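Presented below is the structure to which this report refers.
Since every read-out is calculated from the coordinates, none of them should be taken as a lab result. Note that this is a predicted model, so its numbers are computed, not measured. Here the Cβ is made from the backbone with ideal geometry for all residues, glycine too, and neighbour counts use every protein chain on show.
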Amino acid sequence: MLEVKNLSIELNSRFLIRDLSFVLNKKDKLAIIGEEGNGKTSLIKAILGINNYCEITGNIKIFGTIGYLAQEFNKEELQLSVRDYLFASLDDYYDALSNLYYYLEQVDLAESILNREKLETLSGGEKIKVGLLKLLIQESDILILDEPTNNLDLKTLEFLEQFLKQITKPIIFISHDEQLIENVANMLLHLEIVKKKTECKHTITKLKLSEYKEYRNQTIEKNIMIANKEEANFKKQQARMNQIMQKVEHQQNTISRSDPHGGYLLKKKMKSIKSIEKRINKEKRTDLPSFEESIEFFINNNSLPNKKRILDLHQEIFSQEINLEIYGNEHIVITGNNGVGKTRLLRIIYDLLKIRKDLNIFYMPQNYFELLPVDKTPIEYLTTKVKIEDIRSRLGSLNVTKDEMISKINQLSGGTKAKIFLCELALSNANVLILDEPTRNFSPLSTPVLINSLKNFNGAIIAVTHDRAFINVVSDKIYVLEEDELVIK
C-alpha cells in the first residue's frame, strides 16, 4: 500500500533522515517515535508531498488514497465553518453524511458543533475531534495521523484506540501516548539525532514499544560492555608493547659497538615489535554505541505539612458547582470531556494560589505563550531567575541544543518550549505545581522520566491531563469535571 525507498530529508544542511526504506502493507500500523525536532512530522509531510522547506530525495510509492489528520489546522481552515471543512473535497457526500452521525456520537461531539460558523471558535480538543471526524468519514485507503491524542479526552481516546486496533487499513501515526502506541502499533520507526545532535539515525522494528525499549536498553548496555572490554584489552596490549619497546631501546643504547651481530638482532626485534604494534592499532574495535539519551530531569523536593490547606474552593463557576479541597502533598488530577472548562478551572485555581505568601507556585499552561515571551531566547528568559551556568546545564540535560538555547522562543518546537518550563520548574523550588497537559510534547522515551519525577515530588500537584500513564502513576485523587459539577472519581 505504501513503499518508501532510500528516502533522505535534509534541512539547513543537516540530515533529519538518511536512506530510510520500509514497506507498509495491509494491517501494518506504524508508530513514529523520537524527540521533538528529529523529523517525525517532516517525514509525514514528505510522504504526503507537502512542501515543508526540506530537501527530499528518494522514492515514495502510494497505492490508494490517504486520509490525513494534521497536528493543527492552518489559517485558512480555521476560517471555515465546521460543515464546509467536513464535506470539502469529499466524492460521495451522501455516504459521508450517513457515516457522520454514527461517528459524531463515537467521538463525543454535540450535534450543535456542526453549526459553528468558524473552526477557530472550537476548543483545542473539539478541533482535534472535528479533524478526526473528517478522517473517519473519508473512507481512505491509508490513514496518517500526526499527534491525534493531543488534547483529546479519555472517552474519545479510548474510542480512537479501539478503532485503530480493529481496522485493517495501513496506518502511520505519531503519538506521545505510550499506551496508544503499545496497544495499536505493530511496527515502530525510531528517529534519533546522535553524536551531540550532529548525525541522524533510524531504527525500524516489528516489536511492541515495551519490547523495543527493553531490547534497545539491553543492546546499548551489551555494546557498551563489549566496547569497554575491548578498549581495556587494547590498552593492556599497548602498555605491554611499550614495556617491550622501552626494554629493547635500552638494550640498543647499552650494547657494545664490538657486538654488531647483537645490534642487528635488536634492530630486527624492534622492527618486529613495531609491526605488531601497527597491527594492534589497525584491529577494529567495537565503537561505543551512538544513541539519543532520554532527558534527565529532577525536581528539588519542597515538602509541605500533611495537614496544610492548599486549596479550599467551594463555589459555582460558570454554572458548575466546584467543591475542591487539597491538603499537604496531595497529587490531584482533573479530567473531563473536551470543552467542559478544565483549563479555565485550572487558571482560576492558579489565580487564587499565586497570591499566597505561604506557597511557592509553579504554573505550566497548555498554551505556552501565556507565559513565554516570543522575542526572547531560552537563556534570556531564564537568566532573570538563576545563573546562566545552571541554565545551560539544566537545558543540556533536557537535550536542548546550544543553537536552541540562543534561538528565539517563537522559532522553537512545542517540545523545546515545554523543556523551558521543565528547566524553570527544576530551578524554581516550588512546592505546588499547577500543570495543564504537561506530558503532551514529550516522546515515549522521555515521558516516563518526567512522570517518575512528578510521582516522587514531595509537594502538591494539581494537573489537568488525559495521559493515562500520568494518571495511573502520579495521581492520588482523580476528579472529573462535568457540565454541572466537579466530582471525585
Given 20 °C and 1.002 mPa s, how large is the Stokes-Einstein diffusion coefficient of the chain in µm²/s, with Rh as the Kirkwood radius over Cα pairs?
82 µm²/s
Taking 60 Å as R0, compute the FRET efficiency from the Cβ-Cβ separation of K118 and K27 and round it to 0.05.
0.95
Just want the ordering: E389, E182, E192, from fewest to most Cβ atoms lying within 10 Å of their own Cβ.
E389, E182, E192
Could you point to the residue in F442, V107, T203 farthest towards the positive end of the chain's charge dipole, with +1 and -1 charges on the Cβ of Lys/Arg and Asp/Glu respectively?
T203
Inter-probe distance in nm under a simple model that places probes 7 Å from Cα toward Cβ, at R279 and S13
4.4 nm
At 7 Å along the Cα-to-beta-carbon direction for both L207 and K376, put a label point, then send me their distance in nm to one decimal.
4.3 nm
Which aspartates and glutamates, on any chain, are close to K196 with Cα under 18 Å apart, when same-chain ones fewer than 8 places away are left out?
E10, E35, E36, D287, E292, E293, E296, D403, E404
Based on DSSP, what percent of beta bridges with both residues in region 2-216 are antiparallel, to the nearest 5?
55 percent
DSSP bridge pairs, the chain: antiparallel proportion in percent, nearest 5
50 percent
Would you mind checking the pairs K169/K408; K5/K197; K307/K342; K129/K354; K208/K455; K155/K222 and listing those with alpha carbons more than 30 angstrom apart?
K169/K408; K129/K354; K155/K222
Per residue convex hull volume, Cα only, region 2-216, in Å³ is 126 Å³
Counting DSSP beta bridges with both partners in region 348-489, what percentage is antiparallel, nearest 5?
25 percent
Under 22 Å from the Cα of K268, which lysines turn up, not counting those fewer than eight places away in the same chain?
K247, K278, K282
Treating only Lys and Arg (+1) and Asp and Glu (-1) as charged, each at its beta carbon, one finds that region 133-230 has a dipole about its Cα centre, in Debye to the nearest 20, of 440 debye
Given only helices, namely DSSP H runs of n ≥ 4 each adding -39500 (n - 2.57), what is the per-residue ellipticity at 222 nm of the chain, to the nearest 500 deg cm²/dmol?
-12500 deg cm²/dmol
